[in-house]
1. Quick check on segment 321-343. Is at least one of its residues of a type in the set (A, V, I, L, M), touching a helix residue (DSSP H, G or I) at 6+ places or on another chain (Cβ under 8 Å) and closer than 24 Å to Gln98 by Cβ?
2. For segment 222-229, indicate whether the set of residues that are over 24 Å from Gly163 (Cβ atoms) and surrounded by fewer than 20 Cβ atoms within 10 Å (Cβ to Cβ) is non-empty.
3. State the number of residues belonging to segment 305-344 that are part of a helix (DSSP H, G or I) and in contact (Cβ under 8 Å) with a residue 60 or more places away in the chain.
4. Considering segment 264-296 alone, what residues qualify as being of a type in the set (Phe, Trp, Tyr) and out of contact with any helix residue (DSSP H, G or I) (no Cβ under 7 Å at 6 or more places or on another chain)?
5. Quick check, is Leu61 in contact (Cβ under 8 Å) with a residue 12 or more places away in the chain and touching a helix residue (DSSP H, G or I) at 6+ places or on another chain (Cβ under 6 Å)?
6. Looking at segment 238-254, which of the residues that are part of a loop (DSSP other than H, G, I, E, B) and open to solvent by less than 10 Å² (accessible area, probe 1.4 Å) is farthest from Tyr108 (Cα to Cα)?
7. Evaluate segment 41-48: report whether one residue or more is of a type in the set (Ser, Thr, Tyr), farther than 19 Å from Asn291 by Cα and touching a Leu at 6+ places or on another chain (Cβ under 7 Å).
Amino acid sequence: MFKRSSIAALISALLLAAMLLALTGCGSGKTEDSAAAGGTDDYYTLSLTMHDPVTAAVGVLYQAWADEIYDLTDGHVKIELYGSATLAPGTEVVDYVQSGAADIGWIYTAFFSGQFPLTEVVSVPMSGLYHPAQTANVLWDLYEEFPALQEELSGFKVLMLYGNPVNFISTKDKPIESLSDLKGMNLRAPTGGVSEVLKAWGVNPILMATNDIYEALEKGTIAGTVHEWNGLNTFSLYEQLNYYMDMPLYEGAFVLGMNLDSWNKLPAEYQEAIESVSLREGSVKYAEGFNEAAMAAKDKILADGGTLVPLSDEALAEFRTAADAYADQWADSVTTDSFDGAAYYARMVELAEQYATY
């Protein structure tokens with residue numbers, strides 16, 4: 001028979017083991033408890049999903065951001081990147097983040113037609129935005145000034161807001177020097193304002209996944225694409241393209257959003273550490289790096305034989321007419337009894353001019 005003291009010791013050991021097992025298994029993103037790690041706080045591992053490869057400019061920049069957070073939290077918060085849509089398809093990132101299937105998501109609002117209309121004010125074509133850091137400042141000012149935009153993005157913790165390097169039209173077989181050159185042309189383009197303006201210019205906009213563009217260009221299914229320099233380089237699209245319009249068309253809007261439960265489970269000190277390298281300051285820093293990578297890609301593509309196609313003032317004015325008409329339509333589309341779309345758009349244009357320093 002066991003002695004009472006031995007039985008009590010065994011029970012105590014079993015209870016301690018059960019408590020440790022329960023602690024290591026609870027909480028979104030938590031990987032181990034502090035006692036096991038020899039620290040005083042819990043350790044967290046958070047997933048970040050993106051549709052670009054982790055080796056692309058986006059991945060390199062976010063890895064640097066994740067490394068900063070790791071250092072600021074003394075290793076207590078580790079962010080793991082999942083690129084090339086291996087964790088979540090680009091068109092489903094919002095659902096993955098909101099459900100907790102991914103902790104953090106790189107959200108390109110153009111993939112979610114109708115879900116982020118106020119955020120996409122910066123994507124109205126030819127509205128004066130041409131640099132992602134400029135767009136970051138514009139978006140943060142709008143976010144701080146307009147409760148309606150805060151409500152639109154309330155489904156997750158907003159960590160960053162910024163634009164992508166400016167998008168433009170690239171073609172395979174002929175340069176585009178005037179509006180008439182675009183008539184009847186099949187171009188790959190995202191949904192939203194840019195597609196509507198392209199239609200007004202006589203283009204047949206075709207929505208397709210980025211991974212499918214190369215083959216479509218190769219087969220002649222499309223004559224070109226609306227893209228930015230990083231994307232053209234990352235997916236080797238420049239191998240199928242020859243001409244690049246020197247006309248800023250639009251800026252896409254990006255949101256780095258975090259699952260609210262995952263955010264709320266982090267201790268305040270770790271939340272503060274993440275915010276210190278995120279929000280406006282982090283968005284602008286990231287956007288500047290994003291643009292630097294785009295300019296490096298531009299230099300590479302042009303050095304490889306690509307031709308930059310300038311437009312005359314007359315041609316630019318012709319293109320702008322249809323873009324301005326769409327801006328009025330966009331403002332009407334978001335106007336309600338309690339929200340003035342025209343005033344909101346006008347404020348965006350004003351801010352674009354204010355931050356036009358890049």
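The values are calculated or read from the model by the stated rules, or taken from the named source; none is laboratory data. What you see is a predicted model; the values in this text were computed from it and never measured. Because the Cβ atoms are built from the backbone with ideal geometry, glycine has one as well, and the counts that use them run over all protein chains shown. Ligands, DNA and RNA are stripped out before the accessible areas are found, and what is left, the full protein with its side chains, is counted by its heavy atoms. Shrake-Rupley method; radii C 1.70, N 1.55, O 1.52, S 1.80 Å.
1. yes
2. No; the residues of segment 222-229 include none that is over 24 Å from Gly163 (Cβ atoms) and surrounded by fewer than 20 Cβ atoms within 10 Å (Cβ to Cβ).
3. Total satisfying the criteria: 16.
4. Tyr270
5. Spelling it out, Leu61 is indeed in contact (Cβ under 8 Å) with a residue 12 or more places away in the chain and touching a helix residue (DSSP H, G or I) at 6+ places or on another chain (Cβ under 6 Å).
6. Out of the qualifying residues, it is Leu241.
7. Yes, the conditions are met somewhere in segment 41-48.
Results for (1) charged (D, E, K, R); (2) more than 30 Å from Ala325 (Cα to Cα); (3) open to solvent by less than 20 Å² (accessible area, probe 1.4 Å), shown as yes or no for each residue.
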{"residue": "Gly75", "(1), (2), (3)": "no, yes, yes"}
{"residue": "Ala101", "(1), (2), (3)": "no, yes, no"}
{"residue": "Trp106", "(1), (2), (3)": "no, yes, yes"}
{"residue": "Gly114", "(1), (2), (3)": "no, no, no"}
{"residue": "Val122", "(1), (2), (3)": "no, no, yes"}
{"residue": "Pro147", "(1), (2), (3)": "no, no, no"}
{"residue": "Gly155", "(1), (2), (3)": "no, yes, no"}
{"residue": "Val158", "(1), (2), (3)": "no, yes, yes"}
